[in-house]
Amino acid sequence: MNWVLSLLLVSQIQIVRVKYNGGDWYNDPSIIPNMLREFQKRTGIETSPREVVLSLNSPEIFFYPFLFITGHGKINLSEEEIKNLRKYLYSGGFVYADDDYGMDEYFRRLVAKAFPESKLILLPPDHEIYHCFYDLKNGLPKIHEHYRGPPEGYGLFINSRLALYYTYNSNISDGWADPDVHKDPPEKREEAFKMGVNIIYYAITH
């Protein structure tokens, strides 16, 4: 049993929003509380919807099983933050990153620098992350149209474990916001919440 599962036995699930230099890591403050409330309602697994904000150089990240990264544009990390991110993932933690438009090139560059021994791999629609709780037959849904083409979900694997999941041209987390923020139709918000449930459920069970 890894440290993530040990912590889950004694605490509620919480998601850490990663604070970083260079971009609007703080956008859409309603998304994490809303997603965690939906997760508890749909799965019966207890959560704490309070948003936790930490930088990657904080030793406190190791007390949480799930880190969330989003924003528009640049992500700048110090060498200490990159070192801690590597240690976090190699210790069994999970990171979900969602491009909120404009983050892609900077995030890919960061991953290549932090994990030169690995690479982001496009996950097929039959990957378990799309079927572990809800059966999303077409794989990753597209919530907002930022670029032409299909949505893409990428994985970074460490010792055969999906440790980092990255969504591009999908913007799943915008669908978790309060209804009046982006004014998404109910069916789009439902797709986003289902995918969010799958991501969290996969992270805590693998």
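The values are calculated or read from the model by the stated rules, or taken from the named source; none is laboratory data. Quantities reported herein were computed from a predicted structural model and do not represent experimental measurements. Glycine also receives a Cβ, built like all others from the backbone with ideal geometry; neighbour counts cover every protein chain displayed. These accessible areas exclude ligands, DNA and RNA; they are computed on the full protein's heavy atoms, side chains included. Shrake-Rupley method; radii C 1.70, N 1.55, O 1.52, S 1.80 Å.
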Picking from PHE193, PHE94, PHE115, which residue would you name as being among the hydrophobic types (A, V, I, L, M, F, W, C) and over 24 Å from GLY22 (Cα atoms)?
-> PHE193
Is there a residue in the range 166-175 that is assigned to a loop (DSSP other than H, G, I, E, B), touching a residue at least 60 places away in the same chain (Cβ under 8 Å) and out of contact with any Pro (no Cβ under 7 Å at 6 or more places or on another chain)?
-> yes
From GLU60, GLU128, GLU79, residue being open to solvent by 10 Å² or more (accessible area, probe 1.4 Å), in contact with a strand residue (DSSP E or B) (Cβ under 8 Å, 6 or more places away or on another chain) and among the acidic types (Asp, Glu) | GLU60
For the range 58-74, enumerate the residues that are in a loop (DSSP other than H, G, I, E, B) and at pLDDT below 95.
-> TYR64, PRO65, HIS72, GLY73, LYS74
Could you tell me whether any residue of the range 139-148 is in a loop (DSSP other than H, G, I, E, B) and among the aliphatic types (A, V, I, L, M)?
-> yes
Residue by residue through the range 99-125, note down the ones that are open to solvent by 40 Å² or more (accessible area, probe 1.4 Å) and either free of Cβ contacts under 8 Å to residues at least 12 places away in the same chain or in a loop (DSSP other than H, G, I, E, B) (or both).
-> TYR101, GLU105, ARG109, ALA112, PRO116, GLU117, LYS119, PRO124, PRO125
Given (1) open to solvent by less than 20 Å² (accessible area, probe 1.4 Å); (2) farther than 19 Å from THR167 by Cα; (3) of a type in the set (Val, Ile, Thr); (4) touching a strand residue (DSSP E or B) at 6+ places or on another chain (Cβ under 8 Å), number of the condition VAL53 does not satisfy = (1)
Is it true that some residue in the range 132-144 is buried (at least 20 other Cβ atoms within 10 Å of the Cβ) and at positive phi?
-> no
Residue ID - modelled with the lowest pLDDT, chosen from residues in the range 30-50 that are surrounded by 14 or more Cβ atoms within 10 Å (Cβ to Cβ) and outside any helix (DSSP H, G or I) | PRO49
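Which one of TYR134, TYR96 is part of a strand (DSSP E or B), of a type outside the set (Asp, Glu) and modelled with pLDDT of 95 or more?
TYR96
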Inspect all residues belonging to the range 186-206 and state whether any of them is assigned to a loop (DSSP other than H, G, I, E, B) and free of Cβ contacts under 8 Å to residues at least 24 places away in the same chain.
-> no
For the range 1-24, which residues satisfy the criterion of being crowded, with 16+ Cβ neighbours inside 10 Å, modelled with pLDDT under 95 and assigned to a loop (DSSP other than H, G, I, E, B)?
-> GLN14, ILE15, GLY23
